[in-house]
Amino acid sequence: MAVTEEKLQEAVSRLKESGVRITPQRHAVLEFLLNAEIHPTADDIYKALEGKFPNMSVATVYNNLKVFREIGLVRELTYGDSSSRFDCNTSKHYHIICDECGKIVDFHYPSLDEVESLAEQVTGFQVSHHRMEIYGTCPNCKKELQHH
Ligand SMILES: [Zn+2]
Ligand SMILES: [Zn+2]
């Protein structure tokens, strides 16, 4: 896909500018992230790439993700005690999450800034950000459920 290729080049030059060395593994992790639409966990990435890089460990994947996060290429999404998921779409967006398979899909909607200012007024907090998630059954799982 041309768009992904372009994004990849962009990300690679951001890494170079930040003085990050681009190893083949690092490149592969980045490429996987940009192509994955599911917001993968470090484990998902490891499983997808272990065949290609037998010497790679989950820790290596984590370290790479940490580097990407520090320079703002990915966002880490934490959900309670389950493992973090990684998002390479760093623009403001919301998420819809499948109750069945756990897949997370991007969802664009004007940012709910009024909620933040109202919360500030009502509670006296200094609001830093907000998170909103929508839950449901993804098209794939919906199909699966219908067949059973
Ligand atoms: Zn699903
Ligand atoms: Zn996202």
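The values are calculated or read from the model by the stated rules, or taken from the named source; none is laboratory data. Keep in mind it's a predicted model, so treat the numbers as computed, not measured. When we count neighbours, we look across all protein chains shown, and the Cβ atoms used for this are built from the backbone with ideal geometry, even at glycine. Note: areas computed on protein heavy atoms with side chains; ligands, DNA, RNA excluded. Shrake-Rupley method; radii C 1.70, N 1.55, O 1.52, S 1.80 Å.
Below, the figures for the structure above:
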read-out: Given (1) surrounded by 12 or more Cβ atoms within 10 Å (Cβ to Cβ); (2) more than 27 Å from Cys141 (Cβ to Cβ), index of the condition Cys98 fails; value: (2)
read-out: Ser84 vs. criteria polar (S, T, N, Q), in a strand (DSSP E or B) and either away from ligand 2 (no atom under 11 Å from the Cβ) or surrounded by fewer than 17 Cβ atoms within 10 Å (Cβ to Cβ) (or both); value: yes
read-out: Close pairs (9 angstrom Cβ cut-off, 6 or more residues apart or separate chains): over 11 Å from Val105 (Cα atoms) in region 126-142, within 16 Å of ligand 2 (Cβ to nearest atom) and open to solvent by 100 Å² or more (accessible area, probe 1.4 Å) anywhere; value: Met132/Tyr109
read-out: Long-range neighbours under 9 Å by Cβ, at least six apart or interchain, first residue within 21 Å of Ala59 (Cβ to Cβ) within region 81-93, second among the polar types (S, T, N, Q) and open to solvent by 20 Å² or more (accessible area, probe 1.4 Å); value: Ser84/Thr78; Arg85/Thr78
read-out: Residue satisfying condition, being assigned to a strand (DSSP E or B), surrounded by 13 or more Cβ atoms within 10 Å (Cβ to Cβ) and under 18 Å from the mean Cα position of the chain (by Cα), within set Val61, Val105; value: Val105
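Conditions (1) away from ligand 1 (no atom under 16 Å from the Cβ); (2) more than 21 Å from Ala36 (Cα to Cα), marked per residue:
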site: Leu65; (1), (2): yes, no
site: Thr78; (1), (2): yes, no
site: Phe86; (1), (2): yes, no
site: Ser91; (1), (2): yes, no
site: Glu114; (1), (2): yes, yes
site: Val127; (1), (2): yes, yes
site: Tyr135; (1), (2): no, no
site: Gln146; (1), (2): no, yes
